[in-house]
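Dumping the structure here so I can ask a few things about it.
The values are calculated or read from the model by the stated rules, or taken from the named source; none is laboratory data. Source: prediction; values computed, not measured. Every residue, glycine as well, gets a Cβ built from its backbone with ideal geometry; the counts of neighbours run over all protein chains shown. To get the accessible areas, we keep the full protein, side chains included, count just its heavy atoms, and leave off ligands, DNA and RNA. Shrake-Rupley method; radii C 1.70, N 1.55, O 1.52, S 1.80 Å.
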Amino acid sequence: MNAFSIKGLFVILLLIPISLCYAEPATPGTVLTFYVNDINLSTDHRAVMTISTSGLVDFTINGTPVDGPGAMVETGVDTGVFQLSFTLPDSVNGKPLQDGDVVVMTYHQQADYSGHPTTVTQSKVLSSTRPSPVASSSPNVRVGQYFKLSIYA
């Protein structure tokens with residue numbers, strides 16, 4: 001074995017056990033991602049659908065209505081799962097966002113599997129405190145040991 005093969009093998013051994021987790025703190029200007037699961041919206045079974053959110057999705061922050069995204073995009077061809085990207089404003093009614101504020105996404109489903117309209121909500125609590133940008137599950141890790149490395153952007 002030459003020196004290059006040994007270095008390459010060493011790098012591969014170090015990278016294999018690493019498990020990355022990415023978390024995004026919710027602060028003003030941050031894009032929050034919400035998902036809607038409704039197979040009835042997927043009418044084109046050969047393409048990724050983009051659906052207008054008008055009349056389907058509402059957003060509130062602490063109970064105050066705020067403008068949300070104008071469209072939601074299907075996550076894949078004929079999945080029935082749609083992604084909404086909501087950008088947090090700096091303030092609501094002139095008041096800046098702060099720790100503990102709650103963003104609520106409400107989806108007004110026209111008809112569930114039984115044909116009845118339903119309402120689905122998802123919420124996220126805001127935090128302006130950013131954690132340390134890098135954290136590890138163990139302070140001392142040797143080659144061959146598993147550990148979790150969390151990176152926060």
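With the structure loaded, tell me whether residue 35 is at pLDDT 90 or above, open to solvent by 100 Å² or more (accessible area, probe 1.4 Å) and aromatic (Phe, Trp, Tyr) or whether it fails that test.
yes
Taking residue 42, is it among the hydroxyl-bearing types (Ser, Thr, Tyr), modelled with pLDDT of 50 or more and under 30 Å from residue 95 (Cα atoms)?
Values: among the hydroxyl-bearing types (Ser, Thr, Tyr): yes; modelled with pLDDT of 50 or more: yes; under 30 Å from residue 95 (Cα atoms): no.
Here the answer is no, as residue 42 does not meet what is asked.
If you don't mind, another one. Is one or more of the residues making up segment 100-110 aromatic (Phe, Trp, Tyr), under 17 Å from residue 127 (Cα atoms) and surrounded by 13 or more Cβ atoms within 10 Å (Cβ to Cβ)?
The answer is no, given that none of the residues of segment 100-110 is aromatic (Phe, Trp, Tyr), under 17 Å from residue 127 (Cα atoms) and surrounded by 13 or more Cβ atoms within 10 Å (Cβ to Cβ).
Now for a different question. With the requirement that a residue be small (Gly, Ala, Ser) and within 17 Å of residue 44 (Cβ to Cβ), what does segment 57-101 give you? Before you say what the answer is, go through the steps one by one.
Going through segment 57-101, the residues small (Gly, Ala, Ser) turn out to be 63, 68, 70-71, 76, 80, 85, 91, 94, 100.
Within segment 57-101, 71, 76, 80 meet the criteria.
Tell me the residue from 79, 60 that is assigned to a strand (DSSP E or B) and modelled with pLDDT of 90 or more, please.
60
Right, another one. Checking the conditions here, which among 107, 113 is at pLDDT 65 or above and under 21 Å from residue 52 (Cα atoms)?
It is 107.
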